[in-house]
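Data block below; observations after.
The values are calculated or read from the model by the stated rules, or taken from the named source; none is laboratory data. The structure presented is a predicted model; accordingly, all values stated were derived computationally and were not measured. A quick note on method: Cβ atoms are made from the backbone with ideal geometry, for glycine too, and the neighbour counts reach across all protein chains shown.
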Amino acid sequence: MENQETTRRSFYSAFIYGLGAIISAGLALPAAAYLLIKPKSQQAKQWVDAADLNSLRPGEPQEIVFRRSRVDGWRVLNEKSTAWVVRLDDQNVVAYSPQCTHLACAYHWDDSSHKFICPCHASEFSIDGKVLAGPAPRPLDRYATRVDNGKLLFSPTVQKT
Amino acid sequence: MRPILDWLEERTGVESAIKHFLYEDIPDSAGWHQVLGSVALFAFLTQAFTGILLAFNYAPTPGDAYDSLRYIVTELTGGRLIRGLHHWGASLMIIVVVLHMAQVFLWGAYKKPREATWMVGCILLLVTLAYGLTGYLLPWDNRAYWGTVVTTQIASQAPGAGPYILRLLGSEGGAIGVVTFARFYAVHVLLLPPLTMLLVGIHVFLVRKHGVAPAADDFKPKKKFYPEQVFKDTVATFLWFAVLVGMAIIVKVPLGRTADPTDTSFIPRPEWYFLFLFQILKVFEGPLEIVGSLVLPTLAILALFLAPFIDRAKLVAIRQRTGAIALVTLAAIGWAGLTARAVATTPPSTESPDAGLAQVEPWRGIPPESLAAIGYFRKANCGSCHVLGKSGAGPDLTVAPSQKPADWLMQHFRQPAPNAPAPPLNGIQLKALATFVAKRGDKELAAWTSAPEAAVEGAMVYHTSQCAVCHMLNGSGQKVGPPLNGLADHRARDWVQGHFGEPAKFSPGSTMPAYKFNSRDLDSITSYLLEIPK
């Protein structure tokens, strides 16, 4: 009799825990997918028209302003963006994302010392993007570039090195 | 594990609190009929959970609300499921709450000393309905907008208080806009949830204080809540949840077109659980309308609230509670009859319930010169001989793209038949038409018959003005100027219209020449551009 009672009780608790676990999984799994999987919306895949090649002086870093479209949740923004570009020769241009690779502060070109200097934590970069000093963990991030018909084009996303 | 639990128990007493809760004494007669309260509580928790998830990706302002909800259901993995859980969860929660109430009523469990438990329960029912009412506006589609217009108008009829209620709803003069939206959202997510938790807390406390109501003839020794009754509650909860998940997966949740206050064709109707009220409104006309819209519902709520004081007779077994059984049966029949009548007498909606999720119509996706060519085809009346989809005086052009060489086509256009007048089209327009009939794809074919006239007109203005020389649209044109797909996402109509006249004023540095369209052309090209998705 007592044995039968124990069996009944463990049957009940097994069901309570089992069904409870299924319900929890039924809520938790969709929630995890919903929060953690990247939205299907396409990030802009087009190369961006950034500047006229002729407006860039060779060997001298210049900050340029260009427009690009960016998907922000349910919005597509057409916004201004900047980049530091260095024209190497007729067909080759390097373009750096304008944020320091340490904590994403805006850095600037310092003409007298011939370095990129970040004012936040004193990271310094050479004209080819290499870290010279400070806490920056990697060289400056770059846009891939392409020259087409005298126009400088940027890749849609920044590439980390 | 045991030492940690012991430590926790000694410092917080959590283990004994749980045991105290689980090993509550309940009457021997307790059973399957008393599971509904637990299911209702679980329903509330599910709604809170899915509601919070939706809020993570939802922007509560008109316009953005719709776009963000559309983003949730089309772009996010599991977004459609979670919205389904929240939407159908609301309906299933109302069913469970009403069944819970009917059970308590039938068994006479509201009698002394449980009157306060019952009355708090009545307030919880109203709170549940308030969730439904305020949540209805939040998708900001036509259904939400027009349904809420009617609701606020009903509230405005309250004698004396009408204008003040309208002001509270943020609907000065009866308009539904940003203020009403903000109020509904705030009530839905900031006011009602804490209120629900407070009321549920009081409700459960009172149930514990007075104990679960025993049957009238139950004099047996008490049993424990755990495990048998907890098992029954869990099974019922699981079944409820299984139905909910099934509905969320199988039944589509409507998302219509974005709310349009100028849409006069949309017929609003309330959520199914309010349909009976909607039907009662049709019975009372003219000065009596207020009887149906406010007097009767208020009286019904009062009667429900005061039921323990109206029925003060001694508790008897449920078999003998014929009055209560008759009342519940009558209410159910009345409700079902009114709802059925409401469904039967309401004309079908002019808008498909998931119009907002429909695939992009073919005309929105084809290059502007193709859509313009469809316009030239119509303008030159080519369809009088080339009947689309049938053979007429000329061949049916929908069968296959034309094999004729371009020169032949151009000549044919200029002189379609002996003595036929030349069509009112210039060379560029004829060339577009020639390219179209020779090279059109399946999308173009679908758009040929279905493209709305307004859009076609806009595309003809676009093509004739040679916008494609600088702009890219639907994959056709140059990228000298910005691409125009999805223009409506970041530009307002006024901006676009103003920009045509004075481009440099609206976007400094622009090299686009000014276009002085007449007002009709300006309207059609603007509408066209704003309707092409990204």
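Could you please find all residues in segment B:108-161 being within 30 Å of B:G323 (Cβ to Cβ) and of a type in the set (D, E)?
Answer for segment B:108-161, where residues must be within 30 Å of B:G323 (Cβ to Cβ) and of a type in the set (D, E): just B:E115.
Taking A:S123, is it surrounded by fewer than 17 Cβ atoms within 10 Å (Cβ to Cβ) and hydroxyl-bearing (S, T, Y)? Talk me through it step by step, then tell me what you get.
Values: surrounded by fewer than 17 Cβ atoms within 10 Å (Cβ to Cβ): no; hydroxyl-bearing (S, T, Y): yes.
So A:S123 fails the test.
Residues checked against (1) buried (at least 22 other Cβ atoms within 10 Å of the Cβ); (2) more than 26 Å from B:F241 (Cα to Cα); (3) hydrophobic (A, V, I, L, M, F, W, C); (4) more than 18 Å from the chain's Cα centre (by Cα):
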| position | (1), (2), (3), (4) |
| --- | --- |
| B:W32 | no, no, yes, yes |
| B:A43 | yes, no, yes, yes |
| B:T50 | yes, no, no, no |
| B:G78 | no, no, no, no |
| B:W88 | no, no, yes, no |
| B:S91 | no, no, no, no |
| B:Q103 | no, no, no, yes |
| B:C122 | no, no, yes, yes |
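Can you name every one of the helices (runs of 4 or more DSSP H) wholly within segment B:363-468 that holds 1 or more residues which are in contact with a strand residue (DSSP E or B) (Cβ under 6 Å, 6 or more places away or on another chain)?
B:368-379
Can you pull out every residue in segment A:1-23 that is more than 10 Å from chain B (Cβ to nearest Cβ) and within 48 Å of the chain's Cα centre (by Cα)? Break it down into steps so the answer makes sense when it comes.
Just the residues of segment A:1-23 that are more than 10 Å from chain B (Cβ to nearest Cβ), to begin with: A:1-7, A:21.
Correct list: A:A21 only.
Could you tell me whether segment A:41-64 includes any residue that is within 14 Å of chain B (Cβ to nearest Cβ), closer than 30 Å to B:L22 by Cβ, within 27 Å of the chain's Cα centre (by Cα) and among the small types (G, A, S)?
No: zero hits.
Counting only residues that are part of a helix (DSSP H, G or I) and either at pLDDT below 95 or closer than 27 Å to A:R70 by Cα (or both), how many does segment A:16-54 have?
First pass over segment A:16-54, keeping only residues part of a helix (DSSP H, G or I): A:16-36, A:53-54.
After this cut, where a residue has to be either at pLDDT below 95 or closer than 27 Å to A:R70 by Cα (or both) as well, the list is A:31-36, A:53-54.
Qualifying residue count, segment A:16-54: 8.
Where residues in segment B:520-534 are within 26 Å of the chain's Cα centre (by Cα) and assigned to a helix (DSSP H, G or I), which of them is nearest to B:A455 (Cα to Cα)? Steps first, please.
Filtering segment B:520-534 for residues within 26 Å of the chain's Cα centre (by Cα) gives B:527, B:530-534.
Subsequent filtering for residues that are assigned to a helix (DSSP H, G or I) retains B:527, B:530.
On the way: B:S527: 7, B:L530: 10 Å.
The extreme case among them is B:S527.
Out of B:F241, B:F225, I need the residue that is touching a strand residue (DSSP E or B) at 6+ places or on another chain (Cβ under 7 Å) and within 18 Å of B:F42 (Cβ to Cβ). Which one?
Values: B:F241 fails: touching a strand residue (DSSP E or B) at 6+ places or on another chain (Cβ under 7 Å).
Every option except B:F225 fails the conditions.
Can you name every residue in segment B:145-202 that is charged (D, E, K, R), modelled with pLDDT of 90 or more and surrounded by fewer than 14 Cβ atoms within 10 Å (Cβ to Cβ)?
Residue satisfying the conditions is B:R167 alone.
Being within 14 Å of chain A (Cβ to nearest Cβ) and surrounded by fewer than 16 Cβ atoms within 10 Å (Cβ to Cβ) is the filter; apply it to segment B:203-227 and report the residue that is nearest to the chain's Cα centre (by Cα).
Kept after step one, since they are within 14 Å of chain A (Cβ to nearest Cβ), are these residues of segment B:203-227: B:223-227.
When the remaining residues are screened for being surrounded by fewer than 16 Cβ atoms within 10 Å (Cβ to Cβ), the result is B:223-224.
Numbers: B:K223: 46, B:K224: 44 Å.
Going through the qualifying residues, I end up with B:K224.
Could you identify the single residue in B:G481, B:G458, B:G475 that is touching a residue at least 12 places away in the same chain (Cβ under 8 Å), surrounded by 12 or more Cβ atoms within 10 Å (Cβ to Cβ), within 14 Å of chain A (Cβ to nearest Cβ) and of a type outside the set (A, V, I, L, M, F, W, C)? Explain how you work it out, then say what you get.
Working: B:G458 fails: within 14 Å of chain A (Cβ to nearest Cβ); B:G475 fails: surrounded by 12 or more Cβ atoms within 10 Å (Cβ to Cβ).
B:G481 is the lone residue from the list that is touching a residue at least 12 places away in the same chain (Cβ under 8 Å), surrounded by 12 or more Cβ atoms within 10 Å (Cβ to Cβ), within 14 Å of chain A (Cβ to nearest Cβ) and of a type outside the set (A, V, I, L, M, F, W, C).
Is it true that B:G132 is modelled with pLDDT of 95 or more, crowded, with 20+ Cβ neighbours inside 10 Å and in a helix (DSSP H, G or I)?
Taking the combined requirement at face value, the residue does not satisfy it.
Condition (residue is surrounded by 19 or more Cβ atoms within 10 Å (Cβ to Cβ), more than 26 Å from B:G147 (Cβ to Cβ), within 14 Å of another protein chain (Cβ to nearest Cβ) and of a type outside the set (A, V, I, L, M, F, W, C)) applied to segment B:244-259: is it met by at least one residue?
No.
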